[in-house]
């Protein structure tokens, strides 16, 4: 066999080996299928997928009330089955499973029970000898847009009915294990839903948060965020005496370039962030992470290396959202803080006038985000600096160009 054909075969093997981890797979159930899956014996089978689409909401409770107890505050069962569907899925990889049930209509109120596989599972459900390992029967929270599921920030495995968290605790799973999900929509005439599955590994990190000027240990909030979506995956707080923190941070093993942001926030201080990739997390044993937070004071300028923009437009890169959320939180918790948002560009190749307008629009985009999220317009001013103050006047790569397309924050009053 020639060297050329050996290389082709080797490439195909690699593609098949790694493609299983990176290729997104989906299963869609039609309205007709959903209407047949109301009892456990007619469960719908999805297999090892990343996404399940329910084209319609379930309708009715089937022939049997298999997972209802009639009790209002039962942690293992619905008080009654309203509009239910049973779905069997398989863990795609070994890791920590999270999922989101996202209704097509925010008015729908989905509850769920999650069971692991057992011998004689159907009989065990019908006789109520098997109880769920995860459950969420909490009331629909309007600001959460009806979303429920499993995540890292939740401490409880089961959430009963009432005003409780709409998420339950993440679940450790093994590849090829089967799980059974009972989903119940409280309301009739629902619009369907999409279920998104994610699998994470975790790694322990630790650090210390210190006041930049006085070297004092700080009581601070620490969050680990998905840089692409802005989602906060897990939070903790430092020890109030030592400034130390320790946390198990989740990351997706199958995407080496996936970025995460570690954020540190303490009242009366400007926040700081550190960015990591999956590749960095899995290949390093991290020493103690030392983060210095500057005290808020008039005249202080802060560079935000994560609020960056696409070229020639005032559109945020997806990685900007953790920083935007942190800036909004900073403004909300420090009511006397007034800021100047300074916009910048990566060069003036389209002319100084274009660059000036663009820098102003970028500053304006941050201002718009803050106002839309509850910050008074009187507390925010903006200015554009075109390409006068580039961090990298002779940018050599895409990363340096991106860092030039930024905003900085000047404290006007505090």
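By how many degrees, between 0 and 90 and to the nearest 10, does the Cα long axis of helix 352-372 differ from the longest principal axis of the chain? The angle comes out at about 50 degrees. One entry in (1) 25.0, 75; (2) 20.8, 65; (3) 28.2, 94 is Rg and Dmax of the Cα atoms in Å calculated from the shown coordinates; its label is (1). With neighbours defined as other Cβ atoms within 10 Å of a residue's Cβ, the residues 284, 389, 158, 344 order from fewest to most as 284, 389, 158, 344.
Highest mean packing comes first when the peptides 45-54, 393-402, 376-385 are listed by Cβ atoms within 10 Å, giving 45-54, 376-385, 393-402.
Taking Cα atoms only, the orientation of helix 321-333 departs from the longest principal axis of the chain by about 80 degrees. Distance between the pseudo-spin-label points of residue 285 and residue 118 (7 Å out from Cα toward the beta carbon): 4.2 nm.
Full extension of the chain segment joining residue 372 with residue 237 gains 45.8 nm, where the gain is 0.36 nm per residue of separation less the Cα-Cα distance. If I model a spin label at residue 107 and residue 354 as a point 7 Å from the Cα along the Cα→Cβ vector, what separation in nanometres do I get? My value for the distance between the label points is 4.8 nm. With the cut-off at 1.5 for a/c, could you classify region 129-195 from its C-alpha gyration tensor as rounded, prolate or oblate? Note, shape of region 129-195 comes out prolate.
By its C-alpha gyration tensor, with a ≥ b ≥ c as the square roots of the eigenvalues, how is region 25-191 shaped: rounded for a/c under 1.5, else prolate for a/b larger than b/c, else oblate? It is rounded, given that a/c, with a ≥ b ≥ c, falls under 1.5. As a calculated quantity, the FRET efficiency between residue 30 and residue 336 at R0 = 60 Å, using C-beta atoms, amounts to about 0.60. Using the rule -39500 (n - 2.57) for each DSSP H run of four or more residues, divided by the residues of the chain, the 222 nm mean residue ellipticity is -6000 deg cm²/dmol. Taking other C-beta atoms within 10 Å as the exposure proxy, 342, 372 rank 372, 342 from fewest upward.
DSSP assigns beta bridges within region 244-393; of those with both partners inside it, close to 60 percent run antiparallel. Each DSSP beta bridge with both residues in the chain is either parallel or antiparallel, and the antiparallel ones are about 75%.
If R0 is taken as 30 Å, the Cβ-Cβ distance between residue 176 and residue 274 corresponds to a FRET efficiency of 0.25.
Between region 306-347 and region 38-106, what's the alpha-carbon centroid distance in Å? Computed from Cα coordinates, the inter-centre distance equals 40 Å.
For the listed peptides 218-224, 201-207, a ranking on the average number of other beta carbons within 10 Å per residue, highest first, reads 218-224, 201-207. Report, in degrees rounded to the nearest 10, the 0 to 90 angle that the Cα long axis of helix 3-22 makes with the longest principal axis of the chain. With rounding to tens, the tilt is 80 degrees. Segment residue 156..residue 216, full-extension length gain: 18.2 nm, with 0.36 nm per residue of separation and the alpha-carbon distance subtracted. Across the alpha-carbon atoms of region 298-414, the computed radius of gyration and Dmax are 13.6, 41 angstrom.
Distance between the 7 Å Cα→Cβ label points at residue 229 and residue 139: 2.7 nm. Shape class of region 110-245 from the alpha-carbon gyration tensor: prolate, with a/c at 1.5 or above and a/b greater than b/c. Relative protection proxy for 85-94, 111-120, from highest mean packing down: 85-94, 111-120 (other beta-carbon atoms within 10 angstrom). By DSSP, the beta bridges lying fully in region 25-191 are antiparallel in about 65 percent of cases.
Exposure proxy ranking for 41, 66, based on other Cβ atoms within 10 angstrom of each Cβ and starting from the fewest, stands as 41, 66.
Values quoted throughout were computed directly from the atomic coordinates according to the rules given, and no laboratory measurement underlies them. Remember, it's a predicted structure, so these values are computed and weren't measured experimentally. Positions of Cβ are generated from backbone atoms using ideal geometry, with glycine treated the same way; all protein chains shown enter the neighbour counts.
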